[in-house]
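Enquirer: Have a look at the structure that comes next, please.
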Amino acid sequence: MIPLSWYLIFAAALFSVGLFGALSRKNAVAILLGIELMLNAINVNLVAFWRYGDVAVMAGQVFAVIVFAVAAAEVSVGLALVISVYRRRNTVIADELDMLKW
Amino acid sequence: MNFWNDPLKIAADWLTGIFVGWGMNDTAAHVLVAFLGVLILISILMVVDIFLVWIERKVVARFQDRIGPNRLGPFGLIQPFADIIKLMIKEDTTPDGADKVVYNLAPMLSMMSVLILWAVVPLAPVMLGVDLNAGALFIIAAGSIGTLSIIMAGWSSNNKFSVIGAFRQVAVMVSFEIPMLATLLIPTIFAGSMGMNAIIQGQDIWFVLLSPLAALIFLIAAIAELGRAPFDLAEGESELVSGYNIEYSGMKFGMFYAGELLHAFTFGGFWAIFFFGGYRFFGLEKVSPFLAIAIVLLKALVGYWIIMWVKYTVMRIRIDQMLAFNWKFLTPVAFVLVMVTALMNALLREASSGLYITGMILSNIIVGWVSLEIVRSMSRKERERVEGVKQVVEAHH
Amino acid sequence: MTAEQIIFLIVAGVTLASALLVVTTRNLVHAALWLVATLFGVAIIYAILNAGFIAVVQVVVYIGAIAILFIFAVMLTRRELRDNTPQLNRNWWSGALVAVLTFAGLASLLSRWSGFSKTAAALPSGFDAVAELGNQLVSPDAFVLPFEVASVLLLAAMVGAVYVAFTRK
């Protein structure tokens, strides 16, 4: 049988990889990719705690479903913003987007 | 439990016994038998796919008032084999500058997304790959992988027409998933579960009689998901030089083409399962599982024939018309239909079966009629506006 | 080593490798495709956890919608056709340090917890997770309020995304 620790370590590792991606990438879309990895790690954690706790208490799965909705909303708005910025400034490199509208 | 009642279990037990007798571990033997079962199912499906090519060409010929292939073999039955040999000996090109891994992976993913659908299709009450309790949602998930394969094909071909065709096709597929999902909720409401076997067992009255509008919307959304006419803008030859298919030749194109035909057959099967009773036919399926398989295949062929009939009769629709049709008509109607069906189900659940059926059909007819009236009045206003402009222009001259 | 453990190790290894490739590869379209592989691996982990509905919803929502959004966004925001420039910014080493420290911190914190090596209880027979989830999502003394708030959030996000990305011709 798989101990809970395996799932938690896996989720922590996935979270750290996503954190590295969100902090170290130049392209704005790539930063959003890192954020998606972090959200997936959170979801794995939630569902693992649901399974290894009292299975009749569905709070873990409900929380995971809400995180799905939040992730979808955030990605759509974030990518719409990135595309809109690209249309104005012709760049999506995060370092180059450092001046407000003048 | 003899062979004719439960063939798969008997065969699986016999094979497992042989493997364990050879000294294999018990779980390993089970895994191997499951693997062999999957292999046999896929082989049978690919053979069915070959004959679908023949059926398609004969049927399109009859619709177009000609005979179709009749040279090779009786009634042209050997023709698809000749097609396959031709595709296999064609040169396997890779365009210059294409992304090789993605380019070669796309047809495989496209075929895979069709074959995994058959894991949840109930062929008989005891013959089911996996009895998922979220089976209806699994179909949408497999469609998502198909969408991904198209965008991979279009982008990796390093060709502008390819990319535009793939973008359009993916936009259509993603858009039409929504009315399909909404109309899949209606058999779920009636049967109380999303599992495929539960939906079929709940069809004492065929669901098409309970909700014909849902069956119609599911059919339209499924044809759009398949990328077949009248929604095949992305691969029409006069439109976009066959879209994401352009740079594919030989067996890779064969995989896309055969995959599309098998996908159409599979969705004919799903239309039959969700709305026409699946393997049930007035109790015949209890006689033998093989009869149940025959019933499913027959209903799937009828569904496939209807999809072909639509393809070879109706004109192609423009991309903006397609998307407007989906977002302004199909999606609102589908959602209203789900709400009305849920309401009627909650109200009439305890009533007699005759009242239930009449209530459901009436609600469907009202929803369909009201939405058609709204669309008709909107188009009348649009026509008057255009006529008014034309009259002003003519009076001007 | 039971079969389940071997499957979990293989799937977890492939998923973590794909995630590493997502954050290090130079070609952004490849990064989006490796994200698809990662999301698929996570869906398999949900299936191992007996959360079948969550697994299917993961494929439909993440791979069928979010990953495709990413691929579209990558294709629409490219200045040149092939990007072979380095994709890590100037301070990537501090990002790596923070990530390693986070992982070490999380692992050590969790290992001190008493329930860390718990094994899973068997599922009660006849337990239909999907039906139970559906019941709790619409039941007033369970989770109907967060469910409705999530719907309003999605509506707001839809309106916002359309407005932000709209071009007036």
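The values are calculated or read from the model by the stated rules, or taken from the named source; none is laboratory data. These numbers come from a predicted model, not from an experiment. No Cβ is skipped: glycine too gets one built from the backbone with ideal geometry, and neighbour counts run over all protein chains shown.
Enquirer: Report yes if some residue within the stretch C:142-152 is assigned to a helix (DSSP H, G or I) and at the interface with another protein chain (Cβ under 7 Å from one of its Cβ atoms); otherwise report no.
Expert: Within the stretch C:142-152, one or more residues are assigned to a helix (DSSP H, G or I) and at the interface with another protein chain (Cβ under 7 Å from one of its Cβ atoms).
Yes/no matrix, rows are residues, columns are (1) surrounded by fewer than 23 Cβ atoms within 10 Å (Cβ to Cβ); (2) closer than 19 Å to residue B:60 by Cα; (3) of a type in the set (A, V, I, L, M):
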| residue | (1), (2), (3) |
| --- | --- |
| B:246 | yes, no, yes |
| B:264 | no, yes, yes |
| B:273 | no, no, yes |
| B:289 | yes, no, no |
| B:294 | yes, no, yes |
| B:306 | yes, yes, yes |
| B:310 | yes, yes, yes |
| B:316 | yes, yes, no |
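Enquirer: Which residues, taken from the stretch C:113-157, are surrounded by 15 or more Cβ atoms within 10 Å (Cβ to Cβ) and either in contact with a Lys or Arg (Cβ under 9 Å, 6 or more places away or on another chain) or of a type in the set (Ser, Thr, Tyr) (or both)?
Expert: C:120, the sole residue that qualifies.
Enquirer: Please count how many residues of the stretch C:18-60 are under 25 Å from residue B:177 (Cα atoms) and either within 9 Å of chain B (Cβ to nearest Cβ) or under 10 Å from the mean Cα position of the chain (by Cα) (or both).
Expert: 18
Enquirer: Do you know which of the residues in the stretch B:178-198 that are among the polar types (S, T, N, Q) and part of a helix (DSSP H, G or I) is nearest to residue B:128 (Cα to Cα)?
Expert: B:197
Enquirer: Of everything in the stretch C:98-131, what is outside any helix (DSSP H, G or I), touching a Ser or Thr at 6+ places or on another chain (Cβ under 9 Å) and at the interface with chain A (Cβ under 7 Å from one of its Cβ atoms)? Give them in sequence order.
Expert: Residues satisfying the conditions are C:116, C:117, C:118.
Enquirer: Another question about this same structure. Could you count how many residues in the stretch B:147-170 are within 9 Å of chain C (Cβ to nearest Cβ), more than 18 Å from residue B:112 (Cβ to Cβ) and not aromatic (Phe, Trp, Tyr)?
Expert: Here the count works out to 2.
Enquirer: Further question on the same structure: Within the stretch B:179-234, restricting attention to residues that are touching a Phe, Trp or Tyr at 6+ places or on another chain (Cβ under 9 Å) and without any contact (Cβ under 8 Å) to a residue 40 or more places away in the chain, which residue is farthest from the other protein chains (Cβ to nearest Cβ)?
Expert: B:202
Enquirer: I've got another one for you. Among (1) surrounded by 16 or more Cβ atoms within 10 Å (Cβ to Cβ); (2) under 22 Å from the mean Cα position of the chain (by Cα); (3) within 7 Å of chain C (Cβ to nearest Cβ), there is one condition residue A:55 misses while meeting the rest; what is its number?
Expert: (2)
Enquirer: Of everything in the stretch A:1-26, what is surrounded by fewer than 20 Cβ atoms within 10 Å (Cβ to Cβ) and of a type in the set (Lys, Arg)? Give them in sequence order.
Expert: Hit for the stretch A:1-26 is A:26, nothing else.
Enquirer: Being touching a residue at least 60 places away in the same chain (Cβ under 8 Å) and assigned by TED's automatic domain parsing to the domain that holds residue B:279 narrows it down to one residue among B:293, B:357, B:361; which is it?
Expert: B:293
Enquirer: Answer with yes or no whether residue A:49 is of a type in the set (Phe, Trp, Tyr), surrounded by fewer than 22 Cβ atoms within 10 Å (Cβ to Cβ) and in a helix (DSSP H, G or I).
Expert: Judged against the criteria, residue A:49 is a match.
Enquirer: So if I check each of A:62, A:85, which one is without any contact (Cβ under 8 Å) to a residue 60 or more places away in the chain, β-branched (Val, Ile, Thr), within 7 Å of chain C (Cβ to nearest Cβ) and out of contact with any strand residue (DSSP E or B) (no Cβ under 9 Å at 6 or more places or on another chain)?
Expert: Every option except A:62 fails the conditions.
Enquirer: Mind checking which residues of the stretch C:117-148 are of a type outside the set (A, V, I, L, M, F, W, C) and under 18 Å from residue C:56 (Cα atoms)?
Expert: Once the filter is applied, which keeps residues that are of a type outside the set (A, V, I, L, M, F, W, C) and under 18 Å from residue C:56 (Cα atoms), the stretch C:117-148 yields C:128, C:132, C:134.
Enquirer: For residue A:17, are the conditions met, namely being at the interface with chain C (Cβ under 7 Å from one of its Cβ atoms), under 23 Å from residue C:29 (Cα atoms) and either outside any helix (DSSP H, G or I) or free of Cβ contacts under 8 Å to residues at least 40 places away in the same chain (or both)?
Expert: yes
Enquirer: To continue, here is another question. Residue A:6 versus (1) within 7 Å of another protein chain (Cβ to nearest Cβ); (2) under 18 Å from residue A:79 (Cα atoms): which is the lone unmet condition?
Expert: (2)
Enquirer: While we're here: Quick one: in the stretch A:20-43, of everything that is out of contact with any strand residue (DSSP E or B) (no Cβ under 8 Å at 6 or more places or on another chain) and of a type in the set (Gly, Ala, Ser), which residue is nearest to the other protein chains (Cβ to nearest Cβ)?
Expert: Checking each candidate, the answer is A:21.
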